[in-house]
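The values are calculated or read from the model by the stated rules, or taken from the named source; none is laboratory data. As the structure is a prediction and not an experimental result, all values here were calculated from the model. Cβ coordinates were reconstructed from backbone atoms using ideal geometry, including for glycine residues, and neighbour counts include every protein chain displayed. Only protein heavy atoms, including side chains, enter the accessible area calculation; ligands, DNA and RNA are left aside. Shrake-Rupley method; radii C 1.70, N 1.55, O 1.52, S 1.80 Å.
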Amino acid sequence: DRRAGLHRAAAAWFQDRDLPLHAEHLDRADTPGAAQAYLRAAQGEGAAYRLDRALSLAERGLAVAKAAGERVALGLAAGRYALDIGLAKPARAAFTVAAAAEAPRDRCRGLIGLAAADRMQADIARAMTTLGEAEPIALALDDPALLAEIGYLRGNLHFALGKADECLNEHRRALLAAKRADAPEWKARARSGIGDAYYMQGRFRSAAREFLRAVEIAKANNLLRIVGV
């Protein structure tokens, strides 16, 4: 009891000073708020581009989380950080938690994450199947941001298959959805995908134009982590 009390006191001290230490002390005190504290700490590290640390914090939060909503939120966070680092297997493990969510939007995000992890592992068939499960949910929600992400991923899968026309069509759909959602990240990614499709078709000037537009959108919205994607 004394040890737990000291950890709670330390957590209170670090609450406004160091979010990771705040979460770790709550964890060691076996406090119910530890999982949520790990999520906040992971988000802070992720915003500072310390993605290894963000992933570690999110995974620890997922390990201690008991409430379904916290597990889903931490699964989505851990999956996204793992994808950003390029770790497909940890991403898939985390997104599997989210894909089992009751809330349709969370389940859709989890499925999209699984498809992205499968794409990273070159499992194109499974990624296509998973996107096929996600798309009806996104359509039912009428969520253009989710539809933009689905179109972008499907376009990339067609690129990997060497299907230039299908790649172009999907990225154009993604761009339309991204504009409707007013989502700069997906506007930039869709423009980049369109550039890939043009390049595959041998339309090099058009490809260069789209790549430059993608970079302009990313820089204008401080999306520096995707400038080189």
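Applying the criterion of at least 2 residues that are more than 17 Å from I226 (Cβ to Cβ), acidic (D, E) and at pLDDT 95 or above to the helices (runs of 4 or more DSSP H) found wholly in the stretch 129-207 leaves 164-181. If I filter the stretch 95-102 for residues that are within 14 Å of the chain's Cα centre (by Cα), small (G, A, S) and open to solvent by less than 60 Å² (accessible area, probe 1.4 Å), do I get at least one hit? Yes, some residue in the stretch 95-102 is within 14 Å of the chain's Cα centre (by Cα), small (G, A, S) and open to solvent by less than 60 Å² (accessible area, probe 1.4 Å). Among the residues of the stretch 210-223, what is the count of those that are open to solvent by less than 100 Å² (accessible area, probe 1.4 Å) and in a helix (DSSP H, G or I)? The total comes to 8. Taking the stretch 145-182 as the range and being farther than 20 Å from Q121 by Cβ and either open to solvent by less than 20 Å² (accessible area, probe 1.4 Å) or among the small types (G, A, S) (or both) as the test, the residues that pass are A145, L146, A148, G151, A164, L168, H171, A174, L175, A177, A178, A181. Taking the criterion of being among the acidic types (D, E) and either closer than 18 Å to R2 by Cα or open to solvent by 30 Å² or more (accessible area, probe 1.4 Å) (or both), the residues of the stretch 16-54 that qualify are D16, D18, E24, D27, D30, D52. For the stretch 57-67, the count of residues that are touching a residue at least 40 places away in the same chain (Cβ under 8 Å), crowded, with 16+ Cβ neighbours inside 10 Å and assigned to a helix (DSSP H, G or I) is zero.
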